[in-house]
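The values are calculated or read from the model by the stated rules, or taken from the named source; none is laboratory data. Note that this is a predicted model, so its numbers are computed, not measured. Reconstructed Cβ throughout: ideal geometry from the backbone, glycine too, with neighbour counts over all protein chains shown.
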Ligand SMILES: Nc1ncnc2c1ncn2[C@@H]1O[C@H](COP(=O)(O)OP(=O)(O)OP(=O)(O)O)[C@@H](O)[C@H]1O
Ligand SMILES: [Mg+2]
């Protein structure tokens, strides 16, 4: 069913890399099996087309048409002078990946507390293979139909590994900078991230995705997360890559008893961004907050597809995605709350709201509830509309010119989700990115 | 020269004519009141004067200090010195009153080719204005109108007017929803802003307000026209007789 020509570049890459023995962890049978399964399933499924239900609104044809080469390791360390940090140059911890590979010289890891380990996937394979074999491919298990996940499993080489031991609290935020760097030929890579929070631990992780150079890039990332009983993970993300970047991110997270997953993602960049987020609330009284915001213009396309599973009684989730689109900007929101038969007293709420700032902007929103328990409180909703005229007139009648009035209104609209970020300095940093985007001339 | 000169103004919304040849002239430093039944077009007039979209002006002209403003954007009119205190002020979550007013004042200054205000000085002045209007200074740190009570919203409109120092202020039912004490404070606030260079157009349903803000002229508006003008005693007369008589005049 998958067209041969579309798959070829990636299957060829796989054969070349395995043939040369350059994929890390070649000697680990579990990893070898994961890769083999990955390439096989990817071969069967192919790159998703709009015929696949969950890809109905996002077309990867432009990606298929681009001849991506695998990004090579050992590239020179680029300057990050033009990349503003989300946490500040002095504060917190920082780990930097360029085209999916760790650049230790740009990272700042010396201040992590005992019990917190932040390293790369490739290093962890040597240093702590047990941690990886326990979790990698395991957390994501049961999602046999995700072609891009399987492609990642086949070709993954490096990524982030964060392990926080029981009871340890990482006070300062950890910034993960992912640089997409391509000057000439189109480059692709498949980062694999693992976040393990042992019981009663806490950490704040903020991803900062940026581009250097004007070439086409394709990052096909997978993140696996486990938030142990009573643990709290604050996980924020800024997608600020160039409009030459394809960005597909598949996330699988499991949340334990009394644990809290606090997620927020802002997409301002990218040519095509797809966030495929899946959380399983597996322990009673677990709680998830899954928020997002997006600003897209030109021909940018941003797709947030989420699935939150309530597996046991007494779990809660709140999900709000808000965005504004101008030019021919397009957004997709597909959100499903799935309540399993045993999951009584589930409290789940989901909302999608979009502002269309131009005639040609488009949002496809599909909120969904799938409920198999009878005692639940669930709601969902979606709205799309223009800027409120009365409010716009109110601002302008005070002398505020139209472009500024528009910026203030969109900031006000998105402010509600940014407000929920737990760390104040990060709220400010994300708001700044929103203001920057809105201050740039529209097309 | 008049501050505001409205000549035979006609305007419609969605094909329906609301202002039907309206004439009004306000001199510098004068306070005029407009009274009239619900739906007679008072808010429509306020909106057309300040440039709200959605209205089509089909005839007549509006001169503000001698300049025709009908083709101007709302922000241009504000920069010239026009201000509208809204009948229904708008909530803007996440934007504090102080930020909002600074943005407004600086926008107007920029349009006039003046330099930005000194932020500290401005905040200090705002606090003093709050005191005079009996507004809690907390309000400056709260989001614009968000969660304000009806009366607080109206007071906040007068605070904005004070901060923007317009040449012509149009107050659309700023007294409705105010308790007796608030009515007095707000009126005091408005009166303090009266000056030979500043004119006001006060839209109200209640003669009571005009005991506090004593107008130079009172106009009766019925079905999109000024049907009668007089001094402050006209308001007392209206209070006794209602609009019936004037409605007949308009129909005649
Ligand atoms: N969008 C609209 N479409 C059609 N008619 C409208 C619209 N907006 C206002 N109108 C009509 O215009 C007329 C005048 O309304 P306006 O708000 O100016 O009255 P008003 O004198 O301010 O009344 P009130 O004393 O109740 O505030 C009313 O009949 C109203 O229904
Ligand atoms: Mg009105």
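Quick look at the numbers
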read-out: Residue satisfying all of: in the range B:154-198; within 16 Å of ligand 2 (Cβ to nearest atom) and assigned to a helix (DSSP H, G or I); modelled with the lowest pLDDT among these; value: B:154
read-out: Residue match in the range B:141-152 (condition: within 16 Å of ligand 1 (Cβ to nearest atom), more than 14 Å from the chain's Cα centre (by Cα) and part of a helix (DSSP H, G or I)); value: yes
read-out: Unique match (being within 14 Å of chain B (Cβ to nearest Cβ) and more than 17 Å from residue A:292 (Cβ to Cβ)) among A:376, A:339, A:417, A:404; value: A:404
read-out: Any chance residue B:203 is touching a residue at least 60 places away in the same chain (Cβ under 8 Å), within 16 Å of ligand 1 (Cβ to nearest atom) and within 14 Å of another protein chain (Cβ to nearest Cβ); value: no
read-out: The lone exception for residue A:330 - which of (1) surrounded by fewer than 20 Cβ atoms within 10 Å (Cβ to Cβ); (2) under 23 Å from the mean Cα position of the chain (by Cα) it fails; value: (1)
read-out: Residue A:218 vs. criteria under 19 Å from residue A:96 (Cα atoms) and touching a helix residue (DSSP H, G or I) at 6+ places or on another chain (Cβ under 7 Å); value: yes
read-out: Candidate set from the range B:101-112 (those that are closer than 19 Å to residue A:409 by Cα and touching a helix residue (DSSP H, G or I) at 6+ places or on another chain (Cβ under 8 Å)); member that is farthest from the other protein chains (Cβ to nearest Cβ); value: B:102
read-out: All positions within the range B:22-60 that are within 15 Å of ligand 1 (Cβ to nearest atom) and more than 22 Å from residue B:174 (Cβ to Cβ); value: B:53, B:54, B:56, B:57, B:58
read-out: The range B:61-87, subset within 16 Å of ligand 1 (Cβ to nearest atom) and facing another protein chain (nearest Cβ under 8 Å), residue nearest to residue B:142 (Cα to Cα); value: B:86
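Conditions tested, residue by residue: (1) surrounded by fewer than 24 Cβ atoms within 10 Å (Cβ to Cβ); (2) over 15 Å from the mean Cα position of the chain (by Cα).
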site: B:186; (1), (2): no, no
site: B:189; (1), (2): yes, no
site: B:192; (1), (2): yes, yes
site: B:198; (1), (2): yes, no
site: B:214; (1), (2): yes, yes
site: B:217; (1), (2): yes, yes
site: B:222; (1), (2): yes, yes
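Residues are listed down the side, and each one gets a yes or a no for (1) in a strand (DSSP E or B); (2) more than 14 Å from ligand 2 (Cβ to nearest atom); (3) within 14 Å of chain A (Cβ to nearest Cβ):
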position	(1), (2), (3)
B:7	yes, yes, no
B:10	yes, yes, no
B:18	yes, no, no
B:21	yes, yes, no
B:28	no, yes, no
B:37	no, no, no
B:45	no, no, no
B:59	yes, yes, no
